[in-house]
Amino acid sequence: MLVKSIAISLALAQFASAAEYWESFKSQVDPKNITLPKIAQTTSYDEVTQCTYYEPTNFQFVESEWPTPWEIATSNGMNSSQEFRNLVNSINWKAMPNITARTMGADGAIDMSNYDEAKDPDCWWSATTCTEPKHEGVNPDIYACPEPETWGLTYDDGPNCSHNAFYDYLEAEKLKATMFYIGSNVVDWPYGAQRGVKDGHQIADHTWSHQMMTSLSNEEVLAELYYTQKAIKMVTGVTPRHWRPAFGDVDDRVRWIATQLNLTTVLWNLDTDDWAAGNTEPLSQVQGNYEDFIKMGSNGTFATSGNIVLTHEIDNTTMQLALDYLPQIKKNYKHILDVATCMNITYPYMEKTVSFAGVGNTSTVTSAVATAAGSATSSSSASSSDSAQTAADKESSASKVSATGALALALIIALFA
């Protein structure tokens, strides 16, 4: 539901290289100083009240500059806008892996019938759960926390308009999660997205409209990621460095396109299937999944490394499951951490305005009571994740300087021609 009135007009982006795309985004929000308005939607615990449409007072979306919510992000003419064409033209598409878009079957599922799963040439997760890309120029996946006895806390499909009680619980327990936000939800419920940043969670990209990404064209994939990045930046003041594909559907073509936007793919190694509770699976099955994963925290399964668990804030059932089981998770795991912290990634956003502490500076989880208790573990130096990000930043800067220099040279030639 895009706000019709025009309050902010975002300038058309001019890209010297795709890596600097986020510098064109506009935001009036200071991510370190967010104050939520005390309106019914941000203070109520009634589902209907929380999910009643509101018009934000400090920013508004110009409909002509955004895709239609819940439609593929090239909708509403976005694929032909000058802003998007500039982005497309800044990418060297010849370097992309030679992988074609997948097709959807008559049953609505993606067609894998002709894919060679044994060789898995494209590292297609939907077919083989591959998490180690096979093509060059692709950021490696994150799919497990390296720290032993760690529960990697992640929630997909937010911000949910009825999440006040859930976020209150996380705040009271001093728990931070990686929240994978859908772009359409961000523009529909911007104060919900702001709360995620205000509470100190890591915010990441979960695409504009939750499509099977490998079935989309190159430009559709790019738009799904780009406009979600833009929405998160406008609403929260930060631009994520991480994303998660809907349904985990990713291959090296999609990874490569994400890499052009400096995005790293985050998957998982445990799936609660919480979204299916009461729908395609009985609630008892999902409860059993939780209980099995909780036992792994104390039976030695994660004695040498941790996990990243797929859970959702998609509805009240999934959020209630989190409330029901987090006390037991705390009792059985040494750490409950967001992805940035468990990977020792200091700066999970393009901007350097918000930093994360890293595993060595977090408290251990030793009780199942209302407040997390414990002391800091031994400090650790910057991890390979941060080092890799620094290298990526340097490459981005070099690309930017090179591209800018080329533009300047072209301008000089034009002036004296």
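We did not get these values from a lab; they are worked out from the coordinates using the rules stated. The model shown is predicted, which means the values in this text are computed figures rather than measured ones. Don't worry about glycine lacking a Cβ; one is built from the backbone with ideal geometry, like all the others, and counts go over all protein chains shown.
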Report summary line: Label model pair V88, A172: point-to-point distance (7 angstrom along the Cα→beta-carbon line) in nm is 5.0 nm
Query raised in the report: Between E23 and E47, what length in nm is gained on full extension when 0.36 nm per residue of separation is reduced by their alpha carbon distance?
Result: 5.0 nm
Query raised in the report: Among all the lysines, which ones have a C-alpha under 20 Å from K295's C-alpha, if same-chain residues fewer than 8 places away are not counted?
Result: K330, K331, K334
Report summary line: Between K119 and D324, the two model label points (7 Å from Cα along the beta-carbon direction) sit apart by a distance in nm of 4.6 nm
Report task. Starting from the Cα of D271, move 7 Å in the Cα-to-Cβ direction to define the label point; list residues of the range 143-169 whose amide nitrogen is under 19 Å from there. Result -> 143-145, 152-158
Requested in this report: Kindly identify the range 30-73 as rounded, prolate or oblate by the Cα gyration tensor criterion: order the square roots of the eigenvalues as a ≥ b ≥ c, call it rounded if a/c is under 1.5, otherwise compare a/b with b/c, prolate if a/b is larger, else oblate.
Outcome: oblate
Query - Sites K38 and E351 - FRET efficiency at Förster radius 41 Å, r taken between beta-carbons, to 0.05 - result: 0.90
Report summary line: Per its Cα gyration tensor (rounded if a/c is under 1.5, else prolate when a/b beats b/c, else oblate), the range 187-255 is best filed as prolate
Report summary line: With a ≥ b ≥ c from the Cα gyration tensor eigenvalues, square-rooted, and the rule rounded for a/c under 1.5, otherwise prolate when a/b > b/c and oblate otherwise, the range 125-237 is oblate
Query raised in the report: Which whole number in µm²/s is D for the range 81-137 by Stokes-Einstein, with the Kirkwood Rh taken over Cα pairs at 20 °C and 1.002 mPa s?
Result: 155 µm²/s
Report summary line: The ³J(HN,Hα) series, computed from each phi in the range 295-305 with the Karplus coefficients 6.51, -1.76 and 1.60 at θ = phi - 60°, rounded to the nearest Hz and given as x for glycine or proline, is 4, 4, x, 10, 9, x, 4, 10, 6, 10, 7
**Report entry** Within straight-line cross-link reach of K26, lysines at Cα separation under 17 Å, skipping those fewer than 8 residues along the same chain
**Finding:** K230, K233, K352
**Report entry** Cα-centre dipole for the range 153-213 with unit charges at Cβ (Lys and Arg positive, Asp and Glu negative), debye to 20
**Finding:** 140 debye
Query raised in the report: Out of the range 22-106, which trypsin sites (Lys or Arg not before Pro) are coil in DSSP terms and have no more than 16 other C-beta atoms within 10 Å?
Result: K26, K32, K38
Query raised in the report: How much FRET efficiency would the formula 1/(1 + (r/R0)^6) give for M104 and E281, where r is the Cβ-Cβ distance and R0 is 30 Å, rounded to 0.05?
Result: 0.85
Report summary line: In the range 56-214, lysine pairs 8 or more places apart or on different chains with C-alpha atoms under 21 Å apart total 4
**Report entry** Those chymotrypsin sites (Phe, Trp or Tyr not before Pro) in the range 67-135 that DSSP places in a loop and that have at most 10 other beta carbons within 10 Å
**Finding:** none
